[in-house]
Structures are given as structure tokens and as C-alpha cells.
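Derivation of every value follows stated rules applied to the coordinates shown; laboratory data play no part. As the structure is a computational prediction, the values presented were derived from the model and not from experiment. Using ideal geometry, Cβ is built from the backbone for each residue, glycine included, and neighbour counts are taken over all protein chains shown.
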Amino acid sequence: MIKPEADSRLDRPDNINNFHLIVDLSMMLTALSLVGCVYVFYRVYKLWILSKKKLAMTYRLPFYTACTDFLLNGNFFLNMIHTAIYARVWDDIPCKIIAVFNWAFLTINVCLYVVIAVITYLRICRGIHFNYGKYDYKLWLIVIVGSLIIQLINLQNYGKREYWCAAKSGQFYSAIILFSIIAIILIIILFCYLSVLKKIHKTINFLKLLSSSNQNDRRYSRNGNTSVERCTEFERKATKKILSYIAVFILQWTPISISQGARLVLDDAIWVYVMGSIGRSFGGIGNMIQFIINEGFISRNYDTASCNENGNELFENSRLSSIRSNEHEIITISEVEN
């Protein structure tokens with residue numbers, strides 16, 4: 001039996017408070033997230049101009065993240081604007097199309113995080129250099145293939161929910177898939193980045209040991225102290241940056257994980273929608289905050305390559321020549337690449 005139009009509206013008197021809570025919160029957070037993405041676009045563009053159109057990966061990563069967040073939030077804005085205007089979700093066919101893109105942008109975003117974490121781990125901890133290809137197409141190829149695989153697994157589950165188009169109501173398969181994927185990726189990211197931090201800390205301690213062992217030599221003492229100071233500063237900055245990556249992922253995807261887990265028992269409870277809205281929209285906001293914390297409001301010059309140069313000088317002149325320098329070399333994630 002088809003409900004009368006008045007009864008099917010989400011802004012009916014008995015639901016008006018819930019309607020405004022979900023719609024107003026979603027629209028506000030989505031707008032803030034889009035502003036955050038535009039801010040990162042502008043900052044990276046300025047850096048691109050200043051660097052003569054050559055960006056280090058440390059700046060390309062927030063740009064790529066902003067791209068996926070912009071697509072995700074742009075789609076979510078389109079998703080919610082119909083609900084805000086007409087107090088009901090899109091009709092079946094456009095709703096399924098929006099749901100497909102919603103899932104696509106979600107999975108591209110989460111796949112980007114894990115691919116970057118794994119590449120960083122392989123580069124720093126295993127010394128395996130990955131050729132990204134022109135315009136980093138190989139990186140994006142891996143991300144998109146991973147997203148397509150997840151899309152195919154969830155192919156039959158797109159449709160309407162009460163307030164937006166995503167995974168259709170009445171089924172929990174997509175919730176199980178997304179919850180499991182987020183949990184697995186979080187474990188991988190924690191393993192990769194904590195291993196990177198351990199590697200950096202181990203290298204700094206090694207340089208300090210070399211410096212202290214050469215204190216009697218004036219040349220070693222002067223160069224060694226400078227090297228250790230610079231590398232210690234690098235360690236602090238690298239630690240802050242890596243922890244910010246982990247924090248943004250957790251803050252963005254934990255609410256979504258909670259909402260997906262709660263759907264298994266509550267499905268369309270209001271707070272489940274609130275958590276889902278917060279998770280979808282936090283990416284752009286968190287990426288902007290992370291960029292400001294790491295790079296400041298204005299560009300700052302910090303040559304992390306000097307850490308490697310001074311460190312290598314210590315290795316070459318060290319009494320501990322039996323220890324190969326490449327076992328303790330720091331390969332920074334902010335290395336400038338052509």
C-alpha cells in the first residue's frame with residue numbers, strides 16, 4: 001500500500017525535529033568540508049607555483065585526499081539537497097546512481113589511505129622504491145582497482161534509506177562489508193605508520209651513537225652535532241605528520257564504522273544517521289586542519305634532505321664502518337620527486 005504524500009514526507013510534525021537535526025547538520029558539515037577542500041586546493045596550488053610546478057609527495061598527498069573528499073562531499077551535498085527541499089529522498093533510478101557514486105568515492109578515499117600507508121612502509125622500512133608513473137597514475141590505478149573490487153562485492157545493495165541514498169534499508173550486507181574493510185585498513189595503517197616511526201627513531205638513535213663516539217674529533221663533533229640536531233628536528237616533524245595521518249583517518253572513519261555496526265541492530269535510528277553524516281564530512285575538515293598543523297598558514301622551508309646528507313657523511317667517516325649505512329638510512333616521505 002502506497003503511503004499518502006503527506007505521511008511519506010520527512011518533515012511531518014511528529015518527525016520535524018529529527019528532520020532538521022539530520023538535514024541541517026549534514027548540510028552544514030558538508031559545506032565546511034567543501035570549504036576545507038578548496039582551502040587545501042589553494043594552498044597546494046600556491047606551493048606548486050612556488051616550486052616551479054614540481055610538488056613533493058608530502059604535498060601531493062593532502063591534495064589527492066582533498067580531491068577524494070571533494071567528490072565524496074559534493075555527491076553527499078547533491079544527495080541531501082533533494083531531501084532538504086522536498087523532505088524525501090531521490091526517486092529510485094537517480095537514487096541508485098547517487099548511491100553508486102557515494103560508495104565509489106567512499107571506497108576510493110579509504111583505499112587511498114591504505115595504499116599510501118603501504119607504499120610509505122615499503123619505502124622507508126624495506127627500502128623498496130615505487131615508481132608512481134606520470135601524474136602518479138600507477139598509484140591511482142591501484143586505488144581505483146581496489147575500489148572497483150569493493151563496488152562489485154556490494155553491487156546489489158544500493159538504494160534508498162530514510163534520509164539519503166546509499167545502501168538500501170532492510171539489508172545489512174553493505175554494513176558488514178564497509179565495517180570489515182575499515183577495521184582491516186585501520187590495522188594495516190597502524191602497522192605501517194608505527195613501523196615507520198620505529199625505523200626513524202632507530203636511525204636517530206644510531207646517529208646519536210655515532211656522534212657521541214666521535215666527540216674527540218673536532219670535525220666529527222661539529223658536523224655530527226649539526227646532523228643530529230637536524231635529524232632530531234626531522235624526527236619530530238615526521239612523527240607529528242604521521243600521527244596526524246592516523247588521527248584524521250580514525251576521526252573520519254570511526255563514526256562511519258560505528259554507524260555501520262549500529263545498523264546491524266538499529267538500522268535507521270537517528271543517531272546512526274548523525275554518525276554517518278559526521279564521518280562522511282570530516283575528511284575535508286580534518287585534511288584542512290592537518291595541512292595547517294603540518295605546514296602552517298604560510299609556506300615554511302624545511303630541508304629534510306639535509307638529514308640524509310649529514311647522516312651519510314657520518315656513516316662514511318664512522319669508526320663503525322662494519323655497519324652498512326643503507327641499513328640505517330632515513331628515506332623521508334617528503335622527498336622531492338620529479
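Computed quantities for the displayed model
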| read-out | value |
| --- | --- |
| Residue-wise HN-Hα coupling along the range 194-202, computed from phi with Karplus coefficients 6.51, -1.76, 1.60 (Hz; x: Gly, Pro) | 5, 5, 5, 4, 5, 5, 4, 4, 5 |
| 3J(HN,Hα) from dihedral phi, the range 82-91, Karplus parametrisation 6.51/-1.76/1.60, rounded to Hz, x for glycine, proline | 5, 5, 5, 7, 9, 6, 7, 7, 4, 5 |
| R0 of 56 Å, Cβ-Cβ distance Q171-R126: FRET efficiency to nearest 0.05 | 0.85 |
| Mean Cβ count within 10 Å, highest first, over the residues of peptides 150-158, 56-64, 178-186 | 56-64, 178-186, 150-158 |
| Lys/Arg +1, Asp/Glu -1 at C-beta; the range 73-145 dipole; positive extreme among I97, F76, L141 | L141 |
| Full-extension gain in nm, I184 to H201, via 0.36 nm per residue minus C-alpha separation | 3.5 nm |
| Anisotropy class of the range 34-193 from Cα gyration tensor, a/c 1.5 cut | oblate |
| Candidate lysines - alpha carbon under 30 Å from K199, same-chain residues fewer than 8 apart omitted | K54, K134, K138, K208, K237, K240, K241 |
| ³J(HN,Hα) computed for each position of the range 156-164 - Karplus, 6.51 cos²θ - 1.76 cosθ + 1.60, integer Hz, glycine/proline x | 8, 10, 8, x, 8, 10, 5, 10, 7 |
| Theoretical FRET efficiency, 1/(1+(r/R0)^6), r = Cβ-Cβ of T239 and D268, R0 45 Å, to 0.05 | 0.60 |
| Difference of contour (0.36 nm per residue) and Cα-Cα distance, I81 to L155 | 24.2 nm |
| Label-point separation in nm, K96 to F191, each point 7 Å along Cα→Cβ | 3.8 nm |
